[in-house]
1. For B:ILE284, state whether it is at pLDDT 95 or above, more than 30 Å from B:GLU106 (Cβ to Cβ) and under 20 Å from the mean Cα position of the chain (by Cα).
2. Collect the residues in segment B:359-385 that are within 12 Å of chain A (Cβ to nearest Cβ), out of contact with any Cys (no Cβ under 9 Å at 6 or more places or on another chain) and small (Gly, Ala, Ser), keeping them in residue-number order.
3. Inside segment A:230-271, can you point out the residues that are part of a loop (DSSP other than H, G, I, E, B) and either of a type in the set (A, V, I, L, M, F, W, C) or more than 29 Å from A:TYR334 (Cβ to Cβ) (or both)?
4. Is it fair to say B:PRO189 is under 25 Å from B:LEU213 (Cα atoms), in a loop (DSSP other than H, G, I, E, B) and either at pLDDT 95 or above or in the same structural domain as B:VAL211 (by TED's automatic domain parsing) (or both)?
5. Among the candidates A:GLY16, A:GLY27, which residue alone is in a loop (DSSP other than H, G, I, E, B), touching a residue at least 40 places away in the same chain (Cβ under 8 Å) and either within 8 Å of chain B (Cβ to nearest Cβ) or open to solvent by 10 Å² or more (accessible area, probe 1.4 Å) (or both)?
6. Which ones in segment A:417-446 are open to solvent by less than 10 Å² (accessible area, probe 1.4 Å), assigned to a helix (DSSP H, G or I) and touching a Gly at 6+ places or on another chain (Cβ under 8 Å)?
7. Need a quick list: helices (runs of 4 or more DSSP H) entirely within segment B:260-358 having at least 1 residues that are away from every other protein chain (no Cβ under 14 Å) and under 30 Å from B:THR231 (Cβ atoms).
8. From A:GLY449, A:GLY486, A:GLY500, A:GLY506, which residue is in contact with a Lys or Arg (Cβ under 6 Å, 6 or more places away or on another chain) and not in a helix (DSSP H, G or I)?
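The values are calculated or read from the model by the stated rules, or taken from the named source; none is laboratory data. Quick caveat: nothing in here was measured; it's all calculated off a predicted structure. Note that each Cβ is placed from the backbone with ideal geometry, even for glycine, and that neighbours are counted across all protein chains shown. All accessible areas refer to the heavy atoms of the entire protein, side chains included, with ligands and DNA or RNA removed. Shrake-Rupley method; radii C 1.70, N 1.55, O 1.52, S 1.80 Å.
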Amino acid sequence: MVNLTIDGIKVSVPEGSTILQAAKEVGVKIPTLCYHPDQAVKANCRVCVCEVEGNRLLPAACAQPVMEGMVVKTRTPKVIEARRTILELILAHHPQDCLNCIRNGNCELQDLANEYFIRDNPFTLKVRGLKKDYSTPSIFRDPDKCVLCRRCIDACSVVQSVNALGLESRGVNSMVVPTMGGDLMDSPCVMCGQCVHACPVGAIGEVEEIDKLLAAIADPDKIVVTQIAPAVRTAIGEEVGMKTGDMPMEVFVAGLRQVGFDHVLHTNFTADLTILEEGNELLKRLKEGGTLPMFTSCSPGWINFCETFYPDLLDNLSTCKSPQQMFGSLVKTYWTDKMGIDPAKIYSVSIMPCTAKKFEASRPEMNASGYRDVDLVLTTREIGRLFRMSGIDFDKLAPSSFDSWMGAYTGAAVIFGASGGVMEAALRTVYEVVTGQTLENVNFEVTRGITGVKEAEVDLSGTKVKVAIANGLSNARQLMDQVRAGESPYHFIEIMACPGGCIGGGGQPITKVNAKRVERIESIYVEDENCAIRKSHENPEVKTLYDEFLHEPLGHKSHELLHTHYHDKNKKYL
Amino acid sequence: MAEEMRIVLRNYGKINPLKIEDYMAQGGYKSLEKAGRMDKEALIDEIKKSNLRGRGGAGFNCGQKWSFAYRAPGDEKYVVCNADEGEPGTYKDRLIMENDPHTLIEGMAICGYAIGSKQGFIYLRGEYPQLINILNNAISQAKAKGLLQGFEIEVRSGAGAYVCGEETALIESIEGNRGEPRFKPPYPPSEGLWMKPTIVNNVETFANIPVILEKGAEWYAGIGVSSYPGTKVFTLTGDINNKTFFEVPTDTTIREIIFQFGGGIPGDKKFKAVQIGGTSGAFIPESLLDTPVAFDDMSAIGAALGSGAVFVLDESRDIVDVTTRIAKFFEHESCGKCAPCREGTARMHELMESVNSGNGSMKDIALMQKLGNVMSIACLCGLGQAAPAPVLTTIKHFAADYNAKLM
């Protein structure tokens, strides 16, 4: 242990700790901007500088290791002048656009400007006037707002190993830019949106499309139908002042009806359906010697990644569409038939924890219903804004349940929202299909949690099936490289692009630390436990769907509506 | 009367730099041989005892630095020569490399032996392409004669960024990354090139090593000022009669450098100011000219010895205009990594332009002082910390020149 004093308070911390960590121990708050608790220390914003006795320079608290006997002062006039001057410098180069900004009220720079009461900035405002990048349907960039903390680059290159963001030019002209010289769409970006979480300000955000929803709701000829992805409920409460997981599903549904959705259905329904299709696809591949290991295909960021970086492994991908797109093709065929509604009138909206889903819905092949299957994708954050705008008081809202035929779901679908959930759900079903026995303990603990790569082996009537799970794309890369080298021992691999799975998706409430992802994961498994039915093949509405419409998994109709194919993105420079 | 004393330039003009035999005839590589017979710790102690301090600008005790790298665990260690001589007006390292490349190679090889490194790099200023062949020729000659004992040296050319003279930016550049400094600690002797223990020393520092071993630490420690012993090479530019270079003991005063070695100011003009140590150096007025050039004496007057560039201004010069140009230089050369330097150098230039063009006010001067003070203590690396020095020192010593330009 190392002993030091911070602002007169004695503290003992393990060797190798930084001043910032030591200060936290004793409740001394040191402001930060470039610092991100789950990333490498950058020490480039210098907002966290403090005074150390005997040192002429002001070290950055985030990077300076503690030393025995060190005397640290964090509130001296010298320190305050330095921090305020640095903030003034950053703010004088930042659009004074807070009122119109996507991060208004949730911005680290805004908070700092407030805490250090920056009023009359002595430096002249100079905004660079750089071009905004709206090239992708998922994520926009507003480089004028960038404070060059480089957290997005870290998220993109270290966490995701995508390297779509880099630095260009030098000094005051330096910029974070999409790599390969063009717009974000020309870069290897997979649209996962992890950069959005990393950004302390409004320099990167989701492409907002609430106005399209409002127009559809206002249109008397349109019937607005929505689906909610499994990971959304656990996090949506964070957008409206509740704790993680505290929003009950029925209240969420009631809120959606309040803002004008005509029918509220659930992506969980097609998550259960995915298990039947994908589970049977796996069994077929195992039996008939198909391409193995089979990869899950629910995560559109992962699909983009595979198409970009591992186009040679596209045959390994399950042909199943993601639950969002299965829902999209069924709602305008099966469901409208069942309801006696003209599918042309349906405006199909999905509520997703994901930015890449916006891109997925726009893929030209996603029109099996004869229409665009999913008309609009809104993120959890956008729905949060809609709720706040609508002034809904969730405490006073009478609970409401889902509409029929595509609203029922099981606990197996709920856990799709967390890394390992698709695998666990599949195992619950595949086990019973293969062995013919009832699975007594449905909890496969080994598949759960935020660990980057997990693996398990399941005995299916004497056949040992080896499975692996990765969350975060640099973890996925480890498994992919193994497959590419022909050394993968696995039969089935689940990949979710985002750390922790969809609960940490790019469209979720701004997630500053991984600890928040862990909280959401816990809430997901509580919800699963509370479900009466926890195996996808026992979903009664899915049974009806097969009885009346699809007839069998992997059948003719399934092939038409529920399965897809993939494309080499052909990014030759990679 | 101060006299020139040549240590690092001892072979200047005496040998053909392309012939190792010439260097050896002057006793070259005997120190390396001697070092090889010495215990490593004793060798490092000898360098420590000489009290040789780094000639790159920071003035750290060389032997102490070596001892950190020696003690750092690990089989893989590196010796890097900082030959990215980017300070405007400085060409001392070029003189050494151009005229006596083997003294550098010998110094590096001794360091390699001392710390247990098998690989050296010379990070050569991008604007010195003509030196690549000279250095490579010297390296292959030394290798051919079996003098380097398996120690390899590779010459890497910079790409023109001033900041790459900062040792960690230089390391990043060798690694193939953007030339940007790292935060410290960790310092290179514990985690440097590819995060391995690394010694980064300036050309002039390495060039001293063979002589120290030949003549002994005591001899060296007795030259010049005891806290910063030895000699220093100065290069003179600006309003000075002898626009040349010379090597003098460190107890030489600034006045002697300008008026004795430099031959004073041309014409009948009076001295106005001198900037020592490169573009980020302080501007020194007449009243402080009797300061010895040694590191600590210079620090005491708020100046820095830096690279040894001496830039003299006569009374006819517009010091505010000169400082404005310097501010522009730093805006251009800031790497952009840390906020106070990235934004601060640009603002300093903007404010200087405003004052220089007659549109400034006392408020601007006060803002520059505040900004300069903050940058000098809060920036990530030496570039940003030193960049405001010319502004701050000219405001301090030449306030009348500023006042004359205010609105």
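1. yes
2. Of everything in segment B:359-385, those that are within 12 Å of chain A (Cβ to nearest Cβ), out of contact with any Cys (no Cβ under 9 Å at 6 or more places or on another chain) and small (Gly, Ala, Ser) turn out to be B:SER361, B:ALA366, B:GLY372, B:SER376, B:GLY382.
3. A:ALA231, A:VAL240, A:GLY241, A:MET242, A:LYS243, A:THR244, A:GLY245, A:ASP246, A:MET247, A:VAL259, A:PHE261
4. So B:PRO189 passes the test.
5. When all the criteria are applied, what remains is A:GLY16.
6. Passing the criteria: A:GLY417, A:GLY421, A:ALA426, A:THR429, A:VAL430.
7. In segment B:260-358, the matching helices (runs of 4 or more DSSP H) lie at B:295-300, B:319-333.
8. Going through A:GLY449, A:GLY486, A:GLY500, A:GLY506 in turn, the sole match is A:GLY500.
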